[in-house]
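In what follows, a structure is listed as structure tokens, so that the remarks can point back to it.
The values are calculated or read from the model by the stated rules, or taken from the named source; none is laboratory data. None of these values were measured; they are calculated from a predicted model. Positions of Cβ are backbone-derived with ideal geometry, glycine not excepted, and every protein chain shown enters the neighbour counts. SASA here: full protein model, heavy atoms, side chains in, ligands and nucleic acids out. Shrake-Rupley method; radii C 1.70, N 1.55, O 1.52, S 1.80 Å.
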Amino acid sequence: MLERYLPEEEFLQLQEDGHFPETVSRQWLKNIHQQTVAVDYRKKWAKRLAIAAVTAGVLVGGTLLLLQRSHQKTAADNPGITATIPSGQQQLTTNNSHKAMAIVLPDGSVVRLLPAATMVYNKQFRENRSIYLTVEADFTVASDELHPFVVYSDELYTTALGTFFHVKAIPGEDIISIRLNSGRVMVQGSVNKKKVINDVVLTPGKELNYYRKTGKALVSDFNTRKTDILVRAGSSGTVYTKPDWYKFNNQPMSQVLDQLSNYYGIAIYYYPSDVMEIYFDGKFEKTDSLETILIDLTLPNNLKLIRNDSGFIIKRK
């Protein structure tokens with residue numbers, strides 16, 4: 001309600017406008033002196049009102065300060081992001097939950113921020129459509145030919161005019177990947193103003209993988225089996241304690257398979273492109289077998305489950 005009737009910008013503007021004219025101040029002072037000759041009980045009420053006014057002022061001031069601080073989160077609060085946006089104009093958003101977060105930007109674009117991902121963008125986003133991303137996100141871009149939409153992910157930056165694409169740039173990992181689902185994007189790269197790759201234009205169905213160690217970039221077709229490799233779910237060598245029950249809330253299939261492999265200590269292999277667009281809601285008990293759970297996951301999603309000596313393999317039928 002405070003923000004509705006007294007926006008922070010208007011309040012700060014009132015502070016910056018200076019003092020009232022001297023004639024007005026003198027007239028106010030004269031009226032105050034006239035009031036001080038009233039009877040004693042009026043003095044008492046004046047003191048009470050003054051105390052109430054000071055208290056209210058402290059509360060309002062404190063509230064405004066908290067609001068200001070909450071809106072002034074910057075890239076400095078997250079060392080994983082380096083943004084060239086002035087600190088006073090930065091808007092920082094981090095997904096601390098375990099499921100994807102949908103964010104509607106001021107220009108109408110939509111970001112699907114995956115768990116642990118962080119992005120920084122300009123509060124005046126319509127005029128400066130630049131986003132600094134760590135980890136992973138999907139972008140559905142509102143068309144605006146005058147203001148290109150640019151996503152910075154460490155060495156690479158991707159420019160789009162109106163499209164849907166996916167960017168993955170996890171700190172510490174060698175590969176930065178960019179996949180284009182629709183529209184058209186240009187991928188560029190630089191470190192300290194020095195180009196690291198030639199400009200690459202992606203068309204729908206294409207994926208660019210940039211390898212930080214070698215500085216090389218490869219473009220492939222991400223929706224064909226030939227360019228997809230079999231990966232193992234979970235973290236090998238780490239022991240996890242399986243709870244009495246566990247629940248998945250609209251989590252990507254890849255995360256579900258990772259968690260199941262960790263809990264049961266059994267290898268699960270899959271092709272990333274086969275499970276990329278699949279999300280899962282469900283609850284399992286500690287007594288459920290891994291094979292039963294995987295059947296429940298694969299059967300409704302047109303996936304084939306294969307059991308061998310190494311564990312399980314999941315792939316498209």
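Taking 51 Å as R0, compute the FRET efficiency from the Cβ-Cβ separation of residue 285 and residue 195 and round it to 0.05. Don't skip to the end; give the middle numbers.
Working: r = 54 Å, r/R0 = 1.07.
Taking R0 as 51 Å, the efficiency between residue 285 and residue 195 is 0.40.
Taking all protein chains in place and a 1.4 Å probe, what share, in percent, of the accessible surface of region 115-217 do carbon and sulfur account for?
Using a 1.4 Å probe with all protein chains present, region 115-217 comes out at 49 percent carbon and sulfur.
5 Å is the cut-off here: which amide hydrogens, built 1.01 Å from N in the peptide plane, fall below it relative to residue 201, excluding neighbours closer than 5 in sequence?
Residues meeting the amide H criterion: 187.
Residue by residue, what Karplus-based ³J(HN,Hα) values in Hz, rounded to whole numbers, does region 113-120 have, using 6.51, -1.76 and 1.60 with θ = phi - 60° and x for Gly and Pro?
Residue by residue, region 113-120 yields 8, 7, x, 6, 7, 9, 9, 10 Hz.
Taking θ as phi - 60°, what are the ³J(HN,Hα) couplings along region 188-201 by the Karplus curve (6.51, -1.76, 1.60), each to the nearest whole Hz, with x for Gly and Pro?
My calculation for region 188-201 gives 10, x, 7, 10, 6, 6, 10, 5, 10, 9, 6, 4, 10, 9 Hz in order.
Per residue, what accessible area does region 267-317 have, given a 1.4 Å probe and all protein chains present, in Å²?
Working: 2820 Å² over 51 residues.
With all protein chains present, region 267-317 gives 55 Å² per residue.
Could you tell me the center-to-center distance, by alpha carbons, between region 148-201 and region 295-317 in angstrom?
Distance between centres, Cα-based: 33 Å.
Between rounded, prolate and oblate, where does region 164-224 land on the alpha carbon gyration tensor, with a ≥ b ≥ c its root eigenvalues, rounded for a/c under 1.5, else prolate if a/b exceeds b/c? Before the final figure, lay out the partial values.
Numbers: a/c = 1.94, a/b = 1.47, b/c = 1.32.
Prolate shape, in that a/c is at least 1.5 and a/b is the bigger ratio.
Modelling each spin label as a point 7 Å along the Cα-to-Cβ direction, I'd like the residue 307/residue 96 distance in nm, to one decimal.
4.3
Among the listed pairs 216/304; 168/317; 206/286, give every one whose C-alpha distance is greater than 29 Å. Write out the running numbers ahead of the final one.
On the way: 216/304 35 Å; 168/317 27 Å; 206/286 41 Å.
Too far apart for the 29 Å limit: 216/304; 206/286.
What does the extension gain come out to for residue 84 and residue 220, with contour length at 0.36 nm per residue minus their alpha carbon separation? Walk me through the numbers before you get to the answer.
Working: separation 136, 0.36 × 136 = 48.96 nm, distance 3.13 nm.
Value of the extension gain: 45.8 nm.
Mind giving me the nanometre distance, one decimal, between the label points for residue 146 and residue 247, set 7 Å out from Cα along Cα→Cβ?
Each label point lies 7 Å from its Cα, and together they span 4.8 nm.
What does the charge count near residue 115 come to, summing +1 for each Lys or Arg and -1 for each Asp or Glu among other residues with Cβ under 10 Å from its Cβ?
Values: positive: 99; negative: 136.
My count for the surroundings of residue 115 gives 0.
May I ask you to give the solvent-accessible area per residue for region 133-193, in square angstrom, as obtained with a 1.4 angstrom probe?
On the way: 2670 Å² over 61 residues.
On a per-residue basis, region 133-193 sits at 44 Å².
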